[in-house]
Amino acid sequence: MSFRYTPYPVEAKEMAWQRFLSIAPAAISWVILALLTVLSLAMPEIGAALIIAFLIFYIFRVTHNAIFLVISFLRVFAEEKSDWLSRLEDISGLPLPPSDRNIRGGRTTRYGARLHAEVLASCKSRGTHLPDPGYLVHLVIIPVSNEHRVVYEPGIRALAEGVLDPRRYLVVVLSVEARSSAEIRAELEDVRAEYAPRFRDMLVVVHPADVEGEVPGKGSNVGSTARIMGDYLREHSIPFASVLLTCIDADAVLSRSYFACLSYYFLAEPDRLRSCFQPLPVFSNNIWKTNALVRVLELSQTIFQLIDSTNVDMLVTFSCYSYNYQTLWESGFWPPDVIGEDAAVFWKNFLHFKGDFKAIPLPVTVTMDAPEGSTFWKTLRSAYRQKVRWAYGMENMAIVFRGLLRHRLVRGRRARQAALKFIDNSLAQATWPFILSILIWLPQATRYLTGLDPLPVFNLGRISSLIFQLSGVFLALMVLVTGFFAFRGSRGVPLWKKILYPLEWLVVFPAASIILGGAPALHAQFMLAFNKQLVYVPMVKLRATNPEKPAV
(Lines give C-alpha, C1' and ligand atoms only; values in the text may rest on other atoms or scores of the structure.)
Protein backbone atom coordinates (compact mmCIF):
# COMPACT_ATOMS: atom_id res chain seq x y z
CA MET A 1 0.00 0.00 0.00
CA SER A 2 1.49 3.34 -1.06
CA PHE A 3 1.74 6.24 1.36
CA ARG A 4 0.06 9.58 0.60
CA TYR A 5 1.04 12.72 2.50
CA THR A 6 -2.46 13.88 3.41
CA PRO A 7 -4.53 14.36 6.57
CA TYR A 8 -7.47 12.76 4.75
CA PRO A 9 -6.43 9.22 3.75
CA VAL A 10 -9.02 7.18 1.87
CA GLU A 11 -8.38 3.76 3.43
CA ALA A 12 -10.30 3.06 6.65
CA LYS A 13 -7.26 1.77 8.58
CA GLU A 14 -5.20 4.76 7.51
CA MET A 15 -7.94 7.13 8.64
CA ALA A 16 -8.16 5.33 11.99
CA TRP A 17 -4.41 5.85 12.51
CA GLN A 18 -4.78 9.49 11.43
CA ARG A 19 -7.58 10.16 13.92
CA PHE A 20 -5.81 8.41 16.80
CA LEU A 21 -2.58 10.32 16.17
CA SER A 22 -4.50 13.61 15.82
CA ILE A 23 -6.21 13.11 19.18
CA ALA A 24 -3.04 12.07 21.03
CA PRO A 25 -1.33 15.53 21.36
CA ALA A 26 -4.44 17.18 22.85
CA ALA A 27 -5.13 14.23 25.14
CA ILE A 28 -1.56 14.14 26.48
CA SER A 29 -1.42 17.93 26.98
CA TRP A 30 -4.73 18.05 28.85
CA VAL A 31 -3.82 15.03 30.99
CA ILE A 32 -0.51 16.65 32.00
CA LEU A 33 -2.12 19.97 32.90
CA ALA A 34 -5.11 18.41 34.67
CA LEU A 35 -2.97 15.92 36.59
CA LEU A 36 -0.56 18.57 37.83
CA THR A 37 -3.45 20.83 38.83
CA VAL A 38 -5.33 18.12 40.76
CA LEU A 39 -2.21 16.78 42.48
CA SER A 40 -1.01 20.29 43.40
CA LEU A 41 -4.35 20.96 45.11
CA ALA A 42 -5.17 17.55 46.58
CA MET A 43 -1.69 16.11 47.22
CA PRO A 44 0.69 19.06 47.07
CA GLU A 45 3.76 16.98 48.03
CA ILE A 46 3.30 14.74 44.95
CA GLY A 47 2.45 17.69 42.71
CA ALA A 48 5.53 19.54 43.96
CA ALA A 49 7.75 16.50 43.36
CA LEU A 50 6.54 16.21 39.75
CA ILE A 51 7.04 19.92 39.13
CA ILE A 52 10.54 19.71 40.64
CA ALA A 53 11.37 16.89 38.22
CA PHE A 54 10.16 19.06 35.35
CA LEU A 55 12.17 22.07 36.58
CA ILE A 56 15.37 20.00 36.76
CA PHE A 57 14.83 19.09 33.10
CA TYR A 58 14.03 22.74 32.37
CA ILE A 59 17.36 23.83 33.90
CA PHE A 60 19.25 21.67 31.44
CA ARG A 61 17.11 22.88 28.54
CA VAL A 62 17.61 26.55 29.40
CA THR A 63 21.37 26.04 29.73
CA HIS A 64 21.48 24.22 26.39
CA ASN A 65 19.41 26.93 24.69
CA ALA A 66 21.54 29.75 26.10
CA ILE A 67 24.79 28.19 24.86
CA PHE A 68 23.53 27.49 21.37
CA LEU A 69 21.74 30.83 21.09
CA VAL A 70 25.08 32.58 21.60
CA ILE A 71 26.83 30.30 19.09
CA SER A 72 24.17 30.76 16.43
CA PHE A 73 23.90 34.52 16.91
CA LEU A 74 27.68 34.98 16.64
CA ARG A 75 27.62 33.05 13.37
CA VAL A 76 24.91 35.29 11.91
CA PHE A 77 26.63 38.42 13.22
CA ALA A 78 29.99 37.35 11.75
CA GLU A 79 28.56 36.38 8.36
CA GLU A 80 25.90 39.01 7.73
CA LYS A 81 28.05 41.20 5.46
CA SER A 82 30.38 38.59 4.00
CA ASP A 83 31.33 38.78 0.33
CA TRP A 84 29.44 35.70 -0.81
CA LEU A 85 30.28 36.31 -4.46
CA SER A 86 34.01 36.00 -3.76
CA ARG A 87 33.31 32.83 -1.84
CA LEU A 88 31.41 31.45 -4.82
CA GLU A 89 34.47 32.07 -6.95
CA ASP A 90 36.67 30.32 -4.38
CA ILE A 91 34.70 27.08 -4.21
CA SER A 92 34.12 26.81 -7.96
CA GLY A 93 37.56 27.96 -9.05
CA LEU A 94 35.87 30.07 -11.71
CA PRO A 95 35.66 33.87 -11.60
CA LEU A 96 32.19 35.30 -11.94
CA PRO A 97 31.75 37.65 -14.89
CA PRO A 98 31.76 41.30 -13.79
CA SER A 99 28.18 41.59 -15.04
CA ASP A 100 27.07 39.03 -12.43
CA ARG A 101 28.08 41.36 -9.62
CA ASN A 102 25.15 43.66 -9.14
CA ILE A 103 26.94 45.11 -6.10
CA ARG A 104 30.59 44.61 -5.23
CA GLY A 105 31.65 44.56 -1.64
CA GLY A 106 31.21 42.81 1.66
CA ARG A 107 33.64 42.03 4.39
CA THR A 108 34.87 38.91 6.08
CA THR A 109 35.44 38.60 9.80
CA ARG A 110 38.07 36.29 11.23
CA TYR A 111 35.35 33.85 12.27
CA GLY A 112 33.73 34.03 8.83
CA ALA A 113 37.09 33.39 7.15
CA ARG A 114 37.57 30.30 9.30
CA LEU A 115 34.14 28.96 8.37
CA HIS A 116 34.90 29.53 4.69
CA ALA A 117 38.27 27.79 5.03
CA GLU A 118 36.49 24.76 6.49
CA VAL A 119 34.11 24.67 3.51
CA LEU A 120 37.03 24.91 1.06
CA ALA A 121 38.87 22.12 2.87
CA SER A 122 35.75 19.94 2.77
CA CYS A 123 35.29 20.54 -0.96
CA LYS A 124 38.97 19.73 -1.62
CA SER A 125 38.90 16.55 0.48
CA ARG A 126 35.92 15.21 -1.47
CA GLY A 127 37.84 15.71 -4.70
CA THR A 128 34.65 16.43 -6.60
CA HIS A 129 34.25 19.08 -9.27
CA LEU A 130 31.78 21.76 -8.24
CA PRO A 131 29.41 23.17 -10.85
CA ASP A 132 29.86 26.63 -12.28
CA PRO A 133 27.66 29.03 -10.24
CA GLY A 134 26.54 30.52 -13.54
CA TYR A 135 24.42 27.45 -14.30
CA LEU A 136 22.02 28.21 -11.44
CA VAL A 137 18.60 29.83 -11.86
CA HIS A 138 16.69 31.17 -8.88
CA LEU A 139 12.92 30.83 -9.14
CA VAL A 140 11.14 33.02 -6.57
CA ILE A 141 7.43 32.43 -5.89
CA ILE A 142 5.51 35.07 -3.94
CA PRO A 143 1.91 34.05 -3.08
CA VAL A 144 -0.54 36.95 -3.01
CA SER A 145 -4.10 36.84 -1.70
CA ASN A 146 -5.41 40.12 -0.27
CA GLU A 147 -2.11 42.06 -0.10
CA HIS A 148 -1.80 45.37 -1.89
CA ARG A 149 1.26 46.60 -3.73
CA VAL A 150 2.51 48.53 -0.71
CA VAL A 151 2.98 45.21 1.11
CA TYR A 152 5.00 43.19 -1.41
CA GLU A 153 6.81 45.91 -3.36
CA PRO A 154 9.59 46.43 -0.76
CA GLY A 155 10.43 42.73 -1.06
CA ILE A 156 10.51 42.86 -4.85
CA ARG A 157 12.69 45.95 -4.71
CA ALA A 158 15.12 44.10 -2.45
CA LEU A 159 15.22 41.22 -4.96
CA ALA A 160 16.04 43.66 -7.75
CA GLU A 161 18.89 45.14 -5.69
CA GLY A 162 20.48 41.83 -4.72
CA VAL A 163 24.24 41.35 -5.02
CA LEU A 164 23.81 38.41 -7.42
CA ASP A 165 22.72 39.92 -10.73
CA PRO A 166 18.91 39.49 -10.84
CA ARG A 167 18.86 40.07 -14.61
CA ARG A 168 20.72 36.82 -15.12
CA TYR A 169 19.70 34.63 -12.20
CA LEU A 170 16.22 35.54 -10.91
CA VAL A 171 12.82 34.51 -12.28
CA VAL A 172 10.15 36.09 -10.07
CA VAL A 173 6.59 34.73 -10.04
CA LEU A 174 3.68 36.55 -8.39
CA SER A 175 1.15 33.81 -7.65
CA VAL A 176 -2.24 35.42 -7.10
CA GLU A 177 -5.47 33.78 -6.05
CA ALA A 178 -8.30 33.76 -8.59
CA ARG A 179 -10.63 34.92 -5.81
CA SER A 180 -8.53 38.06 -5.26
CA SER A 181 -10.13 41.34 -6.21
CA ALA A 182 -9.68 42.98 -9.60
CA GLU A 183 -7.79 45.81 -7.86
CA ILE A 184 -5.24 43.37 -6.42
CA ARG A 185 -4.67 41.71 -9.79
CA ALA A 186 -4.37 45.05 -11.58
CA GLU A 187 -1.70 46.15 -9.09
CA LEU A 188 0.23 42.95 -9.74
CA GLU A 189 0.25 43.60 -13.47
CA ASP A 190 1.48 47.14 -12.86
CA VAL A 191 4.30 45.85 -10.66
CA ARG A 192 5.25 43.23 -13.25
CA ALA A 193 5.39 45.85 -16.00
CA GLU A 194 7.58 48.11 -13.85
CA TYR A 195 10.00 45.53 -12.44
CA ALA A 196 10.21 42.88 -15.20
CA PRO A 197 13.20 44.56 -16.93
CA ARG A 198 15.18 44.18 -13.69
CA PHE A 199 14.91 40.38 -13.62
CA ARG A 200 15.64 37.48 -15.92
CA ASP A 201 11.87 37.13 -16.14
CA MET A 202 8.83 38.12 -14.13
CA LEU A 203 5.43 36.46 -14.36
CA VAL A 204 1.97 36.69 -12.85
CA VAL A 205 0.30 33.30 -12.40
CA VAL A 206 -3.31 32.88 -11.26
CA HIS A 207 -4.08 30.05 -8.86
CA PRO A 208 -7.60 28.79 -9.65
CA ALA A 209 -10.22 28.68 -6.92
CA ASP A 210 -12.20 25.69 -5.66
CA VAL A 211 -9.88 23.00 -7.01
CA GLU A 212 -10.95 19.55 -5.85
CA GLY A 213 -8.62 18.15 -3.20
CA GLU A 214 -7.13 21.53 -2.30
CA VAL A 215 -7.50 23.47 0.94
CA PRO A 216 -7.32 27.26 0.33
CA GLY A 217 -4.00 28.54 1.60
CA LYS A 218 -0.37 29.20 0.86
CA GLY A 219 0.52 25.54 0.26
CA SER A 220 -2.04 24.93 -2.47
CA ASN A 221 -1.18 28.27 -4.09
CA VAL A 222 2.58 27.75 -4.20
CA GLY A 223 2.34 24.05 -5.06
CA SER A 224 0.07 24.72 -8.05
CA THR A 225 2.30 27.50 -9.37
CA ALA A 226 5.46 25.42 -8.88
CA ARG A 227 3.98 22.65 -11.05
CA ILE A 228 3.02 25.15 -13.73
CA MET A 229 6.58 26.49 -13.77
CA GLY A 230 7.80 23.04 -14.80
CA ASP A 231 6.43 23.72 -18.30
CA TYR A 232 8.18 27.11 -18.29
CA LEU A 233 11.52 25.52 -17.41
CA ARG A 234 11.20 22.89 -20.13
CA GLU A 235 10.25 25.53 -22.67
CA HIS A 236 13.38 27.52 -21.79
CA SER A 237 15.60 24.40 -21.65
CA ILE A 238 16.48 24.96 -17.99
CA PRO A 239 17.40 21.71 -16.17
CA PHE A 240 15.33 21.15 -13.04
CA ALA A 241 18.44 20.31 -11.00
CA SER A 242 19.90 23.76 -11.72
CA VAL A 243 16.86 25.61 -10.35
CA LEU A 244 16.56 26.73 -6.73
CA LEU A 245 12.95 27.54 -5.84
CA THR A 246 12.58 30.11 -3.09
CA CYS A 247 9.15 30.61 -1.52
CA ILE A 248 8.65 33.85 0.41
CA ASP A 249 5.61 35.51 1.97
CA ALA A 250 4.24 38.66 0.38
CA ASP A 251 5.57 40.88 3.16
CA ALA A 252 9.03 39.26 3.24
CA VAL A 253 12.17 41.27 2.51
CA LEU A 254 15.17 39.05 1.78
CA SER A 255 18.71 40.12 2.54
CA ARG A 256 20.39 41.48 -0.58
CA SER A 257 23.04 38.80 -0.12
CA TYR A 258 20.50 35.99 0.10
CA PHE A 259 20.85 34.44 -3.34
CA ALA A 260 24.64 34.69 -3.36
CA CYS A 261 24.71 33.03 0.07
CA LEU A 262 22.16 30.40 -1.03
CA SER A 263 24.19 29.61 -4.18
CA TYR A 264 27.32 29.21 -2.08
CA TYR A 265 25.77 26.80 0.41
CA PHE A 266 23.95 24.86 -2.30
CA LEU A 267 27.09 24.29 -4.37
CA ALA A 268 29.24 23.51 -1.34
CA GLU A 269 26.77 20.92 -0.01
CA PRO A 270 27.62 17.39 -1.27
CA ASP A 271 24.00 16.22 -0.77
CA ARG A 272 22.54 19.33 -2.38
CA LEU A 273 19.58 17.48 -3.94
CA ARG A 274 18.64 16.08 -0.53
CA SER A 275 18.77 19.41 1.26
CA CYS A 276 16.70 22.54 1.65
CA PHE A 277 17.82 25.91 2.94
CA GLN A 278 16.43 28.10 5.71
CA PRO A 279 17.30 31.78 6.32
CA LEU A 280 16.75 33.41 9.71
CA PRO A 281 13.21 34.87 9.97
CA VAL A 282 12.93 38.20 11.80
CA PHE A 283 9.48 39.76 12.25
CA SER A 284 10.79 43.31 12.40
CA ASN A 285 9.30 45.20 9.45
CA ASN A 286 6.67 46.82 11.66
CA ILE A 287 7.73 45.56 15.08
CA TRP A 288 7.55 49.00 16.74
CA LYS A 289 4.02 49.62 15.44
CA THR A 290 2.50 46.58 17.12
CA ASN A 291 1.82 46.20 20.85
CA ALA A 292 4.24 44.82 23.45
CA LEU A 293 2.50 41.44 23.80
CA VAL A 294 2.87 40.74 20.11
CA ARG A 295 6.32 42.32 19.87
CA VAL A 296 8.01 40.03 22.41
CA LEU A 297 6.31 36.88 21.07
CA GLU A 298 7.21 37.60 17.44
CA LEU A 299 10.83 38.36 18.29
CA SER A 300 11.04 35.25 20.46
CA GLN A 301 10.33 33.26 17.28
CA THR A 302 13.69 34.48 15.97
CA ILE A 303 15.33 33.22 19.17
CA PHE A 304 13.98 29.71 18.75
CA GLN A 305 14.93 29.67 15.06
CA LEU A 306 18.48 30.65 16.02
CA ILE A 307 18.63 27.81 18.54
CA ASP A 308 17.17 25.27 16.09
CA SER A 309 19.65 26.32 13.41
CA THR A 310 22.53 24.86 15.45
CA ASN A 311 21.10 21.36 15.01
CA VAL A 312 20.70 20.47 11.33
CA ASP A 313 19.10 17.14 12.22
CA MET A 314 16.20 18.92 13.96
CA LEU A 315 15.77 22.04 11.79
CA VAL A 316 12.52 22.29 9.79
CA THR A 317 11.66 24.91 7.17
CA PHE A 318 9.54 27.83 8.33
CA SER A 319 7.86 30.76 6.53
CA CYS A 320 10.52 31.51 3.85
CA TYR A 321 12.91 28.89 2.45
CA SER A 322 14.53 27.37 -0.65
CA TYR A 323 14.39 23.91 -2.27
CA ASN A 324 15.95 22.49 -5.40
CA TYR A 325 13.28 22.16 -8.09
CA GLN A 326 14.33 18.62 -9.04
CA THR A 327 13.93 17.59 -5.40
CA LEU A 328 10.42 19.03 -5.24
CA TRP A 329 9.52 17.47 -8.57
CA GLU A 330 10.49 14.02 -7.32
CA SER A 331 8.62 14.34 -4.01
CA GLY A 332 5.48 15.90 -5.49
CA PHE A 333 5.76 19.54 -4.32
CA TRP A 334 3.61 20.93 -1.49
CA PRO A 335 0.70 18.82 -0.22
CA PRO A 336 -2.40 20.78 -1.36
CA ASP A 337 -4.62 19.88 1.60
CA VAL A 338 -2.37 20.72 4.57
CA ILE A 339 -2.61 24.07 6.39
CA GLY A 340 0.88 23.95 7.95
CA GLU A 341 2.53 24.03 4.54
CA ASP A 342 6.00 25.28 5.55
CA ALA A 343 6.70 22.23 7.70
CA ALA A 344 4.61 19.93 5.50
CA VAL A 345 6.85 20.32 2.45
CA PHE A 346 9.89 19.46 4.60
CA TRP A 347 8.31 16.38 6.17
CA LYS A 348 6.96 15.22 2.84
CA ASN A 349 10.51 15.25 1.44
CA PHE A 350 11.82 13.66 4.64
CA LEU A 351 9.48 10.68 4.22
CA HIS A 352 9.83 10.49 0.44
CA PHE A 353 13.62 10.22 0.66
CA LYS A 354 13.50 7.77 3.61
CA GLY A 355 14.97 10.23 6.09
CA ASP A 356 17.84 11.21 3.78
CA PHE A 357 16.86 14.87 3.83
CA LYS A 358 17.84 17.88 5.93
CA ALA A 359 17.42 21.63 6.27
CA ILE A 360 20.59 23.73 6.18
CA PRO A 361 20.55 27.08 8.04
CA LEU A 362 21.72 30.16 6.15
CA PRO A 363 23.40 33.01 8.10
CA VAL A 364 21.29 35.67 6.38
CA THR A 365 17.97 37.17 7.40
CA VAL A 366 14.52 37.59 5.93
CA THR A 367 12.42 40.29 7.59
CA MET A 368 8.63 40.09 7.74
CA ASP A 369 5.61 41.80 9.30
CA ALA A 370 4.35 41.12 12.80
CA PRO A 371 0.55 41.06 13.27
CA GLU A 372 -0.81 44.59 13.36
CA GLY A 373 -4.35 45.89 13.64
CA SER A 374 -6.00 49.28 13.86
CA THR A 375 -6.63 48.75 17.61
CA PHE A 376 -4.99 46.82 20.45
CA TRP A 377 -7.65 44.12 20.42
CA LYS A 378 -7.63 43.72 16.64
CA THR A 379 -3.86 43.29 16.78
CA LEU A 380 -4.22 40.69 19.52
CA ARG A 381 -6.91 38.84 17.59
CA SER A 382 -4.79 38.81 14.43
CA ALA A 383 -1.79 37.52 16.37
CA TYR A 384 -3.87 34.85 18.10
CA ARG A 385 -5.24 33.60 14.77
CA GLN A 386 -1.74 33.48 13.36
CA LYS A 387 -0.46 31.45 16.33
CA VAL A 388 -3.40 29.02 16.07
CA ARG A 389 -2.59 28.53 12.39
CA TRP A 390 1.08 27.91 13.17
CA ALA A 391 0.18 25.47 15.96
CA TYR A 392 -2.29 23.75 13.63
CA GLY A 393 0.80 22.65 11.73
CA MET A 394 0.85 19.87 14.32
CA GLU A 395 -1.46 18.06 11.85
CA ASN A 396 1.82 17.07 10.21
CA MET A 397 2.60 15.00 13.30
CA ALA A 398 -0.19 12.50 12.61
CA ILE A 399 0.81 12.20 8.95
CA VAL A 400 4.51 11.73 9.71
CA PHE A 401 3.84 9.23 12.50
CA ARG A 402 1.71 7.22 10.05
CA GLY A 403 4.68 7.15 7.72
CA LEU A 404 7.03 6.16 10.54
CA LEU A 405 4.91 3.63 12.45
CA ARG A 406 2.58 2.09 9.91
CA HIS A 407 4.59 2.32 6.69
CA ARG A 408 8.09 2.22 8.19
CA LEU A 409 9.32 4.75 5.63
CA VAL A 410 12.16 5.92 7.89
CA ARG A 411 14.00 3.79 10.43
CA GLY A 412 16.71 4.11 13.04
CA ARG A 413 18.19 7.39 14.25
CA ARG A 414 16.39 9.68 11.81
CA ALA A 415 13.01 8.18 12.72
CA ARG A 416 13.70 8.70 16.44
CA GLN A 417 14.81 12.29 15.81
CA ALA A 418 11.61 13.07 13.90
CA ALA A 419 9.42 11.53 16.60
CA LEU A 420 11.21 13.42 19.39
CA LYS A 421 10.96 16.67 17.44
CA PHE A 422 7.16 16.40 17.23
CA ILE A 423 6.67 15.22 20.80
CA ASP A 424 8.90 17.97 22.19
CA ASN A 425 7.21 20.71 20.14
CA SER A 426 3.71 19.49 20.99
CA LEU A 427 4.26 19.36 24.75
CA ALA A 428 6.47 22.45 25.00
CA GLN A 429 4.07 24.71 23.10
CA ALA A 430 0.90 23.61 24.87
CA THR A 431 1.99 22.92 28.45
CA TRP A 432 5.20 24.71 29.39
CA PRO A 433 3.73 28.26 29.50
CA PHE A 434 1.02 27.13 31.93
CA ILE A 435 3.40 25.10 34.10
CA LEU A 436 6.01 27.85 34.37
CA SER A 437 3.58 30.74 34.84
CA ILE A 438 0.73 29.22 36.89
CA LEU A 439 1.09 25.61 38.03
CA ILE A 440 4.50 26.15 39.58
CA TRP A 441 2.81 28.21 42.33
CA LEU A 442 -0.11 25.90 43.12
CA PRO A 443 1.61 23.50 45.56
CA GLN A 444 2.96 26.44 47.54
CA ALA A 445 -0.46 28.12 47.55
CA THR A 446 -2.00 24.90 48.87
CA ARG A 447 0.69 24.72 51.53
CA TYR A 448 -0.16 28.20 52.81
CA LEU A 449 -3.93 27.59 52.70
CA THR A 450 -3.85 24.19 54.43
CA GLY A 451 -0.96 24.75 56.81
CA LEU A 452 0.81 21.63 55.51
CA ASP A 453 4.56 21.86 55.18
CA PRO A 454 5.78 18.78 53.27
CA LEU A 455 9.44 18.77 52.28
CA PRO A 456 8.87 18.64 48.44
CA VAL A 457 6.74 21.78 48.62
CA PHE A 458 9.41 23.57 50.65
CA ASN A 459 12.10 22.50 48.18
CA LEU A 460 9.93 23.60 45.26
CA GLY A 461 10.12 27.18 46.51
CA ARG A 462 13.92 27.04 46.68
CA ILE A 463 14.27 25.39 43.28
CA SER A 464 11.81 27.84 41.74
CA SER A 465 14.00 30.69 42.96
CA LEU A 466 17.02 29.11 41.27
CA ILE A 467 15.04 28.54 38.08
CA PHE A 468 14.03 32.18 37.86
CA GLN A 469 17.62 33.29 38.37
CA LEU A 470 18.82 31.08 35.51
CA SER A 471 15.84 32.10 33.38
CA GLY A 472 16.79 35.72 34.05
CA VAL A 473 20.18 35.12 32.41
CA PHE A 474 18.50 33.52 29.38
CA LEU A 475 15.95 36.34 29.27
CA ALA A 476 18.78 38.90 29.23
CA LEU A 477 20.34 37.05 26.28
CA MET A 478 16.99 37.10 24.48
CA VAL A 479 16.67 40.84 25.04
CA LEU A 480 20.18 41.51 23.71
CA VAL A 481 19.80 39.30 20.64
CA THR A 482 16.31 40.44 19.68
CA GLY A 483 17.29 44.06 20.38
CA PHE A 484 20.09 43.69 17.82
CA PHE A 485 17.49 42.98 15.12
CA ALA A 486 14.65 45.17 16.42
CA PHE A 487 16.68 48.37 16.86
CA ARG A 488 17.90 48.28 13.26
CA GLY A 489 14.53 49.44 12.03
CA SER A 490 13.86 51.76 14.94
CA ARG A 491 14.59 55.08 13.30
CA GLY A 492 11.82 57.43 14.38
CA VAL A 493 10.84 55.27 17.36
CA PRO A 494 10.61 57.35 20.59
CA LEU A 495 13.57 56.96 22.91
CA TRP A 496 11.35 56.05 25.86
CA LYS A 497 10.02 53.08 23.92
CA LYS A 498 13.54 51.76 23.34
CA ILE A 499 14.44 52.25 27.01
CA LEU A 500 11.36 50.31 28.10
CA TYR A 501 12.04 47.47 25.63
CA PRO A 502 13.92 45.25 28.16
CA LEU A 503 11.13 45.78 30.69
CA GLU A 504 8.58 44.54 28.15
CA TRP A 505 10.23 41.12 28.27
CA LEU A 506 10.30 41.08 32.05
CA VAL A 507 6.71 42.25 32.53
CA VAL A 508 4.88 41.09 29.42
CA PHE A 509 6.59 37.86 28.32
CA PRO A 510 4.96 35.53 30.92
CA ALA A 511 1.46 36.71 29.95
CA ALA A 512 2.31 36.72 26.24
CA SER A 513 3.61 33.15 26.44
CA ILE A 514 0.19 32.03 27.67
CA ILE A 515 -2.09 34.28 25.60
CA LEU A 516 -0.16 33.91 22.33
CA GLY A 517 1.71 30.70 23.07
CA GLY A 518 0.08 28.06 25.22
CA ALA A 519 -3.56 29.02 24.56
CA PRO A 520 -3.31 28.96 20.73
CA ALA A 521 -1.41 25.64 20.90
CA LEU A 522 -4.13 24.05 23.04
CA HIS A 523 -6.79 25.56 20.77
CA ALA A 524 -5.17 24.04 17.68
CA GLN A 525 -4.74 20.66 19.38
CA PHE A 526 -8.41 20.76 20.39
CA MET A 527 -9.44 21.43 16.78
CA LEU A 528 -7.31 18.55 15.51
CA ALA A 529 -8.62 16.20 18.19
CA PHE A 530 -12.25 16.96 17.31
CA ASN A 531 -11.58 16.97 13.56
CA LYS A 532 -12.34 20.67 13.16
CA GLN A 533 -10.97 22.02 9.89
CA LEU A 534 -9.08 25.31 10.24
CA VAL A 535 -10.11 27.94 7.71
CA TYR A 536 -7.03 29.68 6.36
CA VAL A 537 -7.39 33.43 6.94
CA PRO A 538 -4.44 35.49 5.60
CA MET A 539 -3.08 37.95 8.14
CA VAL A 540 -4.20 41.50 7.40
CA LYS A 541 -1.16 43.71 6.83
CA LEU A 542 -1.47 47.41 7.50
CA ARG A 543 0.76 49.77 5.58
CA ALA A 544 -0.04 53.46 5.72
CA THR A 545 2.79 54.40 3.41
CA ASN A 546 5.29 52.74 1.15
CA PRO A 547 8.63 53.51 2.84
CA GLU A 548 11.99 52.45 1.64
CA LYS A 549 12.65 49.25 3.59
CA PRO A 550 16.25 48.18 3.24
CA ALA A 551 17.02 44.50 3.62
CA VAL A 552 19.06 43.55 6.64
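The values are calculated or read from the model by the stated rules, or taken from the named source; none is laboratory data. The model shown is predicted, which means the values in this text are computed figures rather than measured ones. Positions of Cβ are generated from backbone atoms using ideal geometry, with glycine treated the same way; all protein chains shown enter the neighbour counts.
One residue stands out in region 215-229 among those that are in a helix (DSSP H, G or I) and in contact with a Phe, Trp or Tyr (Cβ under 7 Å, 6 or more places away or on another chain): the one that is modelled with the lowest pLDDT, namely Gly219. Scanning region 365-390 for residues that are more than 30 Å from Leu159 (Cα to Cα) and either touching a residue at least 24 places away in the same chain (Cβ under 8 Å) or charged (D, E, K, R) (or both) yields Phe376, Lys378, Leu380, Arg381, Tyr384, Val388.
Results for (1) surrounded by fewer than 17 Cβ atoms within 10 Å (Cβ to Cβ); (2) modelled with pLDDT of 90 or more; (3) not polar (S, T, N, Q); (4) not in a helix (DSSP H, G or I), shown as yes or no for each residue.
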position: Gln417; (1), (2), (3), (4): yes, yes, no, no
position: Ser426; (1), (2), (3), (4): no, yes, no, no
position: Asp453; (1), (2), (3), (4): yes, no, yes, yes
position: Phe468; (1), (2), (3), (4): yes, no, yes, no
position: Val479; (1), (2), (3), (4): no, yes, yes, no
position: Glu504; (1), (2), (3), (4): no, yes, yes, no
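Report yes if Pro279 is at pLDDT 90 or above and closer than 25 Å to Ile91 by Cβ, otherwise no.
For Pro279, the condition - at pLDDT 90 or above and closer than 25 Å to Ile91 by Cβ - is met.
When we screen Ala196, Ala158 for residues that are among the aliphatic types (A, V, I, L, M), over 24 Å from Asp369 (Cα atoms) and part of a helix (DSSP H, G or I), the only hit is Ala196.
Go through region 512-536 and give me each residue that's closer than 15 Å to Leu299 by Cα and hydrophobic (A, V, I, L, M, F, W, C). Of everything in region 512-536, those that are closer than 15 Å to Leu299 by Cα and hydrophobic (A, V, I, L, M, F, W, C) turn out to be Ala512, Leu516. Note on region 374-405: residues that are of a type in the set (S, T, N, Q), out of contact with any helix residue (DSSP H, G or I) (no Cβ under 8 Å at 6 or more places or on another chain) and over 17 Å from Leu299 (Cα atoms) total 2. Evaluating Val215 against the criteria (1) out of contact with any Asp or Glu (no Cβ under 7 Å at 6 or more places or on another chain); (2) surrounded by 17 or more Cβ atoms within 10 Å (Cβ to Cβ) leaves one unmet condition, (1). Every listed requirement among (1) in contact (Cβ under 8 Å) with a residue 60 or more places away in the chain; (2) within 19 Å of Glu147 (Cα to Cα); (3) in a loop (DSSP other than H, G, I, E, B) is met by Arg179 save one, (1).
Within region 234-261, residues that are in contact (Cβ under 8 Å) with a residue 12 or more places away in the chain have Cβ atoms under 6 Å from residues that are surrounded by fewer than 17 Cβ atoms within 10 Å (Cβ to Cβ) and not in a helix (DSSP H, G or I) in these pairs: Arg256/Glu161, counting only partners at least 6 apart in sequence or on another chain.
Just to be sure before I move on: is Ser257 modelled with pLDDT under 95 and not β-branched (Val, Ile, Thr) in the structure I sent? It is true that Ser257 is modelled with pLDDT under 95 and not β-branched (Val, Ile, Thr). Per this entry, Ala49 is counted among residues that are of a type outside the set (Lys, Arg) and in contact with a Pro (Cβ under 8 Å, 6 or more places away or on another chain).
The rows are residues; the columns are (1) surrounded by fewer than 23 Cβ atoms within 10 Å (Cβ to Cβ); (2) over 17 Å from the mean Cα position of the chain (by Cα); (3) farther than 21 Å from Tyr152 by Cβ.
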position	(1), (2), (3)
Ala250	no, no, no
Pro270	yes, yes, yes
Pro279	no, no, no
Lys289	yes, yes, no
Ile307	yes, no, yes
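Restricted to region 367-389, and to residues there that are hydrophobic (A, V, I, L, M, F, W, C) and outside any helix (DSSP H, G or I), the residue that is surrounded by the most Cβ atoms within 10 Å (Cβ to Cβ) is Ala370. Taking Pro270, is it touching a Ser or Thr at 6+ places or on another chain (Cβ under 8 Å), farther than 22 Å from Glu80 by Cα and of a type outside the set (S, T, N, Q)? Criteria met by Pro270.
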